[in-house]
1. In the stretch 159-208, what chymotrypsin sites (Phe, Trp or Tyr not before Pro) fall in a loop by DSSP, with at most 16 other Cβ atoms inside 10 Å?
2. So for the stretch 16-72, what are the equivalent ellipsoid semi-axes in whole Å, largest first, each being the square root of 5 times an eigenvalue of the Cα gyration tensor?
3. Would you work out the relative contact order for the stretch 1-66, in percent, from Cα pairs under 8 angstrom that are 6 or more residues apart?
4. Dipole of the chain, Cα-centred, from +1 at each Lys and Arg C-beta and -1 at each Asp and Glu C-beta, to the nearest 20 debye?
5. So, counting K/R as plus one and D/E as minus one, what does the shell of residues with Cβ under 13 Å around residue 53 add up to?
6. Are there any helices in the chain, counted as whole DSSP H runs, that stretch 24 Å or more along their axis by Cα and score at least 0.5 on average by Kyte-Doolittle, and if so which?
7. Only loop residues by DSSP count here, and only those with at most 12 other Cβ atoms within 10 Å; note down the GluC sites (Glu not before Pro) in the stretch 37-136 that meet that.
8. Which percent, nearest 5, of DSSP beta bridges in the chain are antiparallel?
Amino acid sequence: MTEPILRRVERYYTGKFTQHGATPRGVDWNSVESQALRFEQVLKVCDTSRPFRLLDYGCGYGALLDHVRARGFDCEYVGFDLSAPMLDHARDTHPRDAAARFVGEAEALEPVDYVVASGILNVRQDVPVDDWRAYVLSVIGRLGALGTRGFSFNSLTSYSDADRMRPDLYYPDPCDLFDHCKREHSRNVALLHDYGLYEFTILVRKDV
């Protein structure tokens, strides 16, 4: 079931990028401000007091790379995405960053210190809910396998107002995913649900 879902996800985001370009709407976000706020949450998993290696899982056109460079973080960056047009744009607009690279082959990914994923679990489209949940757990497992010191991700929330919820999006119970991460990945898990958006972020820190 995973491959058909991945193809749907790739077509959806490539379509958004073709329509809106290298903007937050091109990766299905509403604004620069909300995009930056999400970046701040997922990056809280990283210990930025020393150099680290970061994998941006679902990197889009490379906006998170711009964010971490603007913050002055000392990190090696790898961006991974399914959308070839997004990756082409990311490479074309970051040619001089010797500590950054973009890849489109999941098999080429190697473990790093931290993995972050922003926005990749939301767009269910018409995939049955149970199938999408299984896909979400498989993605979380992949993040956990690649992040040696920790990983983070965000998701829309089941606590959203009913009149704002779209039938093509996924709104899991944050407590369910918190429990999953606590049981399967680490004792040190944080659930952030206090930053003003209809979503949550989970941070998983590993004992190393």
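1. On the way: sites: 159, 170, 178, 195, 198, 200; in loops: 159, 170, 195, 198.
Sites meeting the loop and neighbour criteria: 159, 195, 198.
2. 23, 11, 9
3. 18 percent
4. So the dipole magnitude of the chain works out to roughly 300 debye.
5. In short, -3.
6. Working: long enough: 2-20 (27 Å, -1.18); 129-146 (26 Å, 0.68).
Answer set is 129-146.
7. Answer by residue number: 105.
8. Looking only at bridges with both residues in the chain, the antiparallel portion is about 40 percent.
Only the coordinates and a few stated rules stand behind these numbers; no lab work does. In this text the structure is predicted, and so the values were computed from the model without any measurement. Positions of Cβ are backbone-derived with ideal geometry, glycine not excepted, and every protein chain shown enters the neighbour counts.
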